[in-house]
Every structure is written in structure tokens, then in C-alpha cells.
Amino acid sequence: MSCPRVNLLKKSELRYQGAVSRRFMLVGVVVTPIVAIALLSSIKLVQYTTVKYELKTSREIWTELEPRLELYKNENRGLVTNQQVMELLDGWQNSQASFVRLLTDIQDTVPENIQFTRLSVRSAMDSSTYKSPEDMELVYNLVVEGISHGDQAETEAILLPRKLLAAEEVAATFDTLKLASMRKRGGGGSSNQRDFRVVSEILKGGGQ
Amino acid sequence: MDMKALGKNRTQRKLGVLVGVDFATTATKVVQLKQSKGELALTGIDMLPAVDYSATANRMELPRNLSSYYGCLAYSGAESVVRMVHTPLPAEEATLPETELRKLLNVTDDFRVSAQLIKRGKGRQDSSLLAAAIPQDDVRYILNLFPAGPPAPASLEVAGLAFVSAFMNARADECADDAICLIDAGESVSHYVFMNKGVVVLVGKMDFGVRTLRNKLVADLGVDDELAASILDDRSINISTSLASVMAPITKQLSISKDFIERHQGCRVSKVYVSGGMSLLPSWSDELMNMIHTEVEPWSPLENIAIAPDIVSVEMNQQATRFAAAIGAAIGGFQDS
């Protein structure tokens, strides 16, 4: 059973009272998040400013270094080109046959009863574009014309390609040699003479 | 108690501990009550010096054992007004505008007024409201005693009504079906409340108290105030004649009110319950019983309240009836929370 109470206090005169004051609650509920946001914003602002400064510094350094880098790239490209040219030239040089040794080997190999009337060694390159050292390698072509005389004139002419290939430099320069033609020499003389022609198969140079 | 910030109604907060303070004429009575699972316990009680409304209000420091977040206050000033008012009340209204209340209570604008609906009239019947008024200056004075910190004032009642809550806590079951009269008689002012079946039907204030009796004895016997008080306490002299003469207008007012209630309510007032400092005078209750021809019974506001060990001294226990308003104010605070 409750009894009526006549409370003479107005609502405006009632105030909160508790273990935690309203000011503390206000600080806890409202001010703390604001302070936290402000603190985080400050940290982010400092970070932004620092990053912005670093970016500005880096841009200045980049502005200074960029021409040098371009120069380096250009020089590097030139260096690479030169290197490629050097490699091509090396390829060309390495494919060069030694004419001195080639002719010496041929001279040492030719029998006494054979006389050359023509010795032609020509070199050429297979490719018209040079991307690799192999494109620069030379291809050698040999043409030997001569006269074989004596009793074994025909046999010596037939054996000549094989004898030539037995020489080291000749074998290194040409893959194969073959007797392209041989005929009996006219003119009314008494000796047995044969005109012959030895040619090489096309072969890329690479003697050394 | 300002619950706006918490988004709840002010009266909906559950309070566990409350301090009841009665600013009486001779002393400021303070109690601390604790409510747990519907059970009340007295955890502190003290009697502090009376406040002087004519002086500047300074912060009142309560003893540490009587501290609480909220306090329910009772005003015992002689200028208070209490009255049952009967007036038409719009169906959607729970109380009257202050201007109308002031008219009904016959007080000026410098009084703080408030009312509580007791019974809403049906149809064209008047509604009954329990109304009270106290001077605005005294309200401000009391609020200035607790400007900040604990206890925050949660309510302010007229002591002559606040004690009813204490009585209902102590004896509600005993008089749930009866018509009774409660009298709280203090130093200078007394209040009476007639209740029928637990509902307040009539209230009144009498400018009568222990001081009135002392003054009469001082005049009749030619003794000083201190000796008059002693005579009242120990009944060393037969003072029935003096008591009868000074109480005649009071008993007359009570008798008229009693007859009015019995006729108006169709009941019989079975008992008068007395409390307050005057009820401690052994002669007074007997004289009252003889005059109004109704059984008079003192009661203690500590009834039905558990008392913490070593809280109430023997002397304080004898004075318990003087704490009826302070305890009633705190109990009312629990009921409203």
C-alpha cells in the first residue's frame, strides 16, 4: 500500500548524483572520442607532412638525377650496340681463314707432276643482315685449275682433292673438294697430260 | 535524479540507499535507509542541530555514515500549509495549475505549492487532491544546504505528510480496512491525517506542540521553561488542568474532524496513532484519549525496519518516534524510485 507524496521540488531543481559525475561521463562519452580522433588526425597529419616532404625531396633528387639516368641509358644503349658490333666483328674475324697457312698447306701437298694454272679462293657472306656473329661468318669457295703430266697424270689428278683435304688448313676451310673436270690435253706433244679442275663445296668459313 | 541525460524518467531510477532529512524545530533528524529485495534496513541515524532559516544557508555536511547519493527532505516549518482540496479536474490533468492551488490553499505567490491526486471525481464530482505549500525562501534555503555533491535532493515534503509513509510501512496491515487518525505532534506544529481504508481523506495542521504546553505551564505554574519541560517529562506534578485547557481547542478541532469523517465516509474512526516529540510525554496521550474518547496508541517508525547492529543507541531508540518524518520521507523516496 503506497501513500500519496506531495513533492514540492521542481524537475529543474533535481540533479544527478552518482559515483561517476556527469562531467566525467560527458568526458568519457563525448570528449574522449573527440580527443582520440584529434590525436589520430594529428598523427596522420604529421605522417602526411613527413611523407609530403620526403616526396618533395625525392622529386628534387629525381629531377637532378633523371638527365644523368637518361645519359647513362643512352651510353648503355651505345655500349650494347658497340658490344654487338664487336661480337659481329669477332665472328667475322674468327671465320677468317689463314691464307698463308692455306697456301702453304696446298703448296706442300701438290705433287711435282701437277702444275696449277689457276688458284682462286673467294670469300662471301651468306646473310645480308647481321644479327649474330654467325651471320658475319665467311663462306669460302676454292677453284683450282691445272695440268697433270706424266705416266700417273690421270691418277694424280683424281687423288689431288683427297690429298688437299688431308692438309690441316685445307680441311678446316673446306668441307669437301671434288674433281669437277678432267680431260686429256691436246697439242701434239708426246707426254701424257691432263687438264683438270678442282672445286670446293660451299662451306661457311671457320678455319680458326 | 536528473535522468534526462540518461534518457529515463526521473522517477524510474531504482535507488538502493536513501537519506531522509527532517528539518525540524528542535533538531535536524537524519536517517539512512537501505532497501534490498523489498526489505528496508536502517543503516544510520543521527540528530544534528536545527537549521536557522533566518541565517545564510551554508552547505550541510552529513556524517560519513549517513552519506548517500540522494536525500529525501522533510520541512517542519510553522508556515507550511497542508490541505485536502476538492475541485473539478479535467480528465487529462493530474494536478491543478499553481495559481489555482494557491487560491485553494490561500497562500501568496511567494509560496511553493504542489498537489497529488488522491481520488478523481466521476462525472461532475469534484476530484480530491492532497495539496501542500511552503515558503519559497525556505525551499531555496534548504536547496542551498545541498548545492552540489551528495546527497542530491530528490524530494521535499511537508513533514506533516511525510510521516504517513513511515506509518504505512509500520502499520498498514493493521488498519487496511479501518478508519484511523494519525497525529504527528512536534515542538511547535502538529499535523493530523485521517485515513479510511488506507486512503487519506482529511489532513490538517495545528499550531500546537510541546512548546505550547511548556508555555502554558510556565504561565500557570510560574516556573521557567527548563523546569516546565522537566515537569512535562516526569509528571511530577498533576498538570491535567493545564493540559486540558490548552488542548481544548485542539481536541475540539480533532473531534469535529472525526465526526465529519465518520459521517461523510460512513465509518468509525477506531484508533488514533500518535507520533512525534509530544507523543513521548506520558501525560499527553492519556489526556488526548480522555478528550476525544478514542483509543490512542503510540507507534514507532522503526517498526518493520531491520536495524543494523549498534546503529541505534538506547537513548536514540526512545526518541525514534521523532524520526517519523525523516524515515517517512526516505520510504516515500524508495516507493517513487
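Quick look at the values:
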read-out	value
Segments classed as strands (runs of 3 or more DSSP E), wholly inside the stretch B:60-175, with at least 3 members that are of a type outside the set (D, E, K, R) and either over 17 Å from A:Leu14 (Cα atoms) or more than 11 Å from chain A (Cβ to nearest Cβ) (or both)	B:81-87, B:111-119, B:127-135
Residue list for the stretch B:176-187, restricted to those being more than 11 Å from every other protein chain (Cβ to nearest Cβ) and either surrounded by fewer than 24 Cβ atoms within 10 Å (Cβ to Cβ) or part of a strand (DSSP E or B) (or both)	B:Asp177, B:Asp178, B:Ala179, B:Ile180, B:Cys181, B:Ile183, B:Asp184, B:Ala185, B:Glu187
Boolean, A:Arg183 is at pLDDT 90 or above, touching a Leu at 6+ places or on another chain (Cβ under 9 Å) and within 16 Å of A:Gln115 (Cβ to Cβ)	no
One residue from A:Arg118, A:Arg122 being under 46 Å from the mean Cα position of the chain (by Cα), within 30 Å of A:Thr81 (Cα to Cα) and in a strand (DSSP E or B)	A:Arg122
Scan of the stretch A:10-26 for residues that are more than 9 Å from chain B (Cβ to nearest Cβ) and over 14 Å from B:Ala152 (Cβ atoms), ordered by number	A:Arg23, A:Phe24
Some residue of the stretch A:153-169 being under 30 Å from A:Gln83 (Cβ atoms) and outside any strand (DSSP E or B)	no
Of the criteria (1) among the polar types (S, T, N, Q); (2) within 20 Å of B:Ser76 (Cβ to Cβ); (3) out of contact with any Gly (no Cβ under 8 Å at 6 or more places or on another chain), which one B:Asn304 fails	(2)
Leading residue by the ranking (modelled with the lowest pLDDT) among those in the stretch A:71-101 that are aliphatic (A, V, I, L, M) and more than 22 Å from A:Glu134 (Cα to Cα)	A:Val100
Residue in the stretch B:236-247 that is crowded, with 20+ Cβ neighbours inside 10 Å, in contact with a strand residue (DSSP E or B) (Cβ under 7 Å, 6 or more places away or on another chain) and within 22 Å of B:Phe163 (Cβ to Cβ) present	no
Test result for B:Ala159, crowded, with 22+ Cβ neighbours inside 10 Å, closer than 22 Å to B:Arg112 by Cα and in contact with a Ser or Thr (Cβ under 7 Å, 6 or more places away or on another chain)	yes
Exclusive hit being touching a residue at least 12 places away in the same chain (Cβ under 8 Å) and more than 30 Å from B:Arg120 (Cβ to Cβ), set B:Asp220, B:Asp225, B:Asp184	B:Asp220
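The values are calculated or read from the model by the stated rules, or taken from the named source; none is laboratory data. Keep in mind it's a predicted model, so treat the numbers as computed, not measured. Quick reminder, even Gly has a Cβ in these numbers, built from the backbone with ideal geometry, and neighbours come from all protein chains shown.
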